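The values are calculated or read from the model by the stated rules, or taken from the named source; none is laboratory data. Bear in mind the structure is a predicted one, so any value in this text is a computation, not a measurement. Cβ sites come from the backbone with ideal geometry, for glycine too, and all protein chains shown count toward neighbours.
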Amino acid sequence: MLILDSGDKKMIPLFLISIIVSLLALKKETILNNIQSPFVWLISALCIYTAFSYYYHGSSSRELRTLIGVTLFLIAFPYQMLTQKVIQWVVLIGSLAICANSVYFNFYIGTGRYAGYINPIPYSTACALISIIAFSLLLDNSPLKEKALPLTAFSLSLPPIILSETRGIWLAFTLSIFFIIITKCIKNPPSRKYILFSFLFTAILTSTGAFLFKDKINARYNQTIYEVKKIQSGNYSTSVGIRLQLWQVAPELIKQKPLLGHGDKQVKVLKEKLEDGEISGVIFKFASRHYHNQFLDKMVKSGVIGLILIISILLYPLMIFKHLPQLDRYITIGLVCLFFIAGLTDVPFNHPQPLMLYLLFLVPICSRCKRDTND
């Protein structure tokens, strides 16, 4: 999905094959069990509302296709199959694929920050998701010999994130790792030996990464300083400046249709603003796609209902957080933080690849936990 052209479309027939096999092998018991999961209810509600929006005032067909495919797959998928060993191998294979893909495009082909057919921001978001799961596996209380696979996966998943030169994901990824570490330290305070080992490992990994990719990192750092100075001087034509302008445009459109949003008809409203000179051509071009903020974008296009559903799939994993096993807690807090922080400067749930991966990992993890019947 991450390395092929229209890979998200190619996942749909694979989903259908998996659903048929599951129904033939496991009968209806799996479906009856899965449809009792509140998380499945949530994504089903999001799927239904997205379909309604698509026919009512227009919405992304790719997002709708992804939600329908993932929802049907997760209804038929036996969650107990997603064991720790399976996750280790899935993440390792994913890391090998994205590392080879990024190195090939960035160095051999020379495409800069582009690594194939996907925009760098959703691509780096998906890569960060894989990396966070690998890091979570590293922190689990498993024997040292079992950490070889997640260590390899984590090491291989870092270059694609750096090569994407996506500052928002760099920040979201770093903070997500920090919150995972805090979660572990609260539950199991580390020993001095563990702290020393972690410090040395982090120092070596950081130094190696900084040395190998110093040109990429320095370029983005200097670009950020340049953009901040431009904004301070009143020039908003930079990447950061354009985002600030997009965030200023969104509230006015939200006030016009707060409940259901504008859908694709927002382009007509933006065109009127362009003709009246209220926004520039650049802002019209970017806003017609999205507003570089998941929550503002969802409010503009899908209204309060759409926003509540998106926030729900971020909040629900945190609501059952205390019922999850240790490893699942690390994965959950890491992925929720990643998508929330990334959503402040981009729209990760609008893109099929990160949306699909988020749901494929978290729905089984959060749906198989044992909860107190009185909770």
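One table, with the values for the structure above:
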| item | result |
| --- | --- |
| Positions within the range 82-124 being aliphatic (A, V, I, L, M), within 16 Å of the chain's Cα centre (by Cα) and outside any helix (DSSP H, G or I), in sequence order | I118 |
| Residue check, D346 touching a helix residue (DSSP H, G or I) at 6+ places or on another chain (Cβ under 7 Å), assigned by TED's automatic domain parsing to the domain that holds S37, of a type outside the set (A, V, I, L, M) and not in a helix (DSSP H, G or I) | yes |
| In the range 295-336, the residues that are surrounded by fewer than 22 Cβ atoms within 10 Å (Cβ to Cβ), under 13 Å from the mean Cα position of the chain (by Cα) and of a type outside the set (V, I, T) | L314 |
| Condition check for I331: in the same structural domain as I181 (by TED's automatic domain parsing), hydrophobic (A, V, I, L, M, F, W, C) and part of a helix (DSSP H, G or I) | yes |
| Failed criterion for D8 (all others in (1) more than 30 Å from K265 (Cβ to Cβ); (2) in contact (Cβ under 8 Å) with a residue 40 or more places away in the chain; (3) not β-branched (V, I, T) hold) | (1) |
| Residue ID - modelled with the highest pLDDT, chosen from residues in the range 1-30 that are in a helix (DSSP H, G or I) and over 17 Å from L360 (Cβ atoms) | I20 |
| Per-region count, the range 54-80, residues of a type in the set (G, A, S) and either in contact with an Asp or Glu (Cβ under 9 Å, 6 or more places away or on another chain) or not in a helix (DSSP H, G or I) (or both) | 4 |
| So S176, is it polar (S, T, N, Q) and over 14 Å from the mean Cα position of the chain (by Cα) | no |
| G116 under 30 Å from T224 (Cα atoms), in contact (Cβ under 8 Å) with a residue 24 or more places away in the chain and not β-branched (V, I, T) | yes |
| Among residues of the range 226-280, those that are of a type in the set (A, V, I, L, M, F, W, C) and farther than 21 Å from G303 by Cβ, counted | 7 |
| Those residues of the range 154-199 which are among the small types (G, A, S) and in a helix (DSSP H, G or I), in sequence order | S155, S157, G168, A172, S176, S198 |
| Subset of the range 206-238 [exposed (fewer than 15 other Cβ atoms within 10 Å of the Cβ) and within 25 Å of K268 (Cα to Cα)] | S237 |
| Checking P258 against (1) at pLDDT 90 or above; (2) loosely packed, with under 13 Cβ neighbours inside 10 Å, the condition it does not meet | (2) |
| Residues being part of a loop (DSSP other than H, G, I, E, B) and under 20 Å from T345 (Cα atoms) - total across the range 214-260 | 4 |
| Positions within the range 213-235 being at pLDDT below 80 and of a type in the set (F, W, Y), in sequence order | F213 |
| Among (1) under 25 Å from W89 (Cβ atoms); (2) exposed (fewer than 14 other Cβ atoms within 10 Å of the Cβ), the one test that K187 misses | (1) |
| Residue that is of a type outside the set (A, V, I, L, M, F, W, C) and either modelled with pLDDT of 95 or more or under 21 Å from the mean Cα position of the chain (by Cα) (or both), where the choices are G69, G58 | G69 |
| Subset of the range 129-161 [closer than 12 Å to Q84 by Cα and either in contact with a Lys or Arg (Cβ under 8 Å, 6 or more places away or on another chain) or crowded, with 22+ Cβ neighbours inside 10 Å (or both)] | I133, A134, S136, L137, L138, P150 |
| Test result for I132, of a type outside the set (D, E), at pLDDT 90 or above and either touching a Gly at 6+ places or on another chain (Cβ under 9 Å) or not assigned by TED's automatic domain parsing to the domain that holds S164 (or both) | yes |
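Yes/no matrix, rows are residues, columns are (1) out of contact with any Lys or Arg (no Cβ under 8 Å at 6 or more places or on another chain); (2) free of Cβ contacts under 8 Å to residues at least 12 places away in the same chain; (3) hydrophobic (A, V, I, L, M, F, W, C):
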site	(1), (2), (3)
I17	yes, yes, yes
V21	yes, yes, yes
A25	yes, yes, yes
H57	no, no, no
L67	yes, no, yes
T83	yes, yes, no
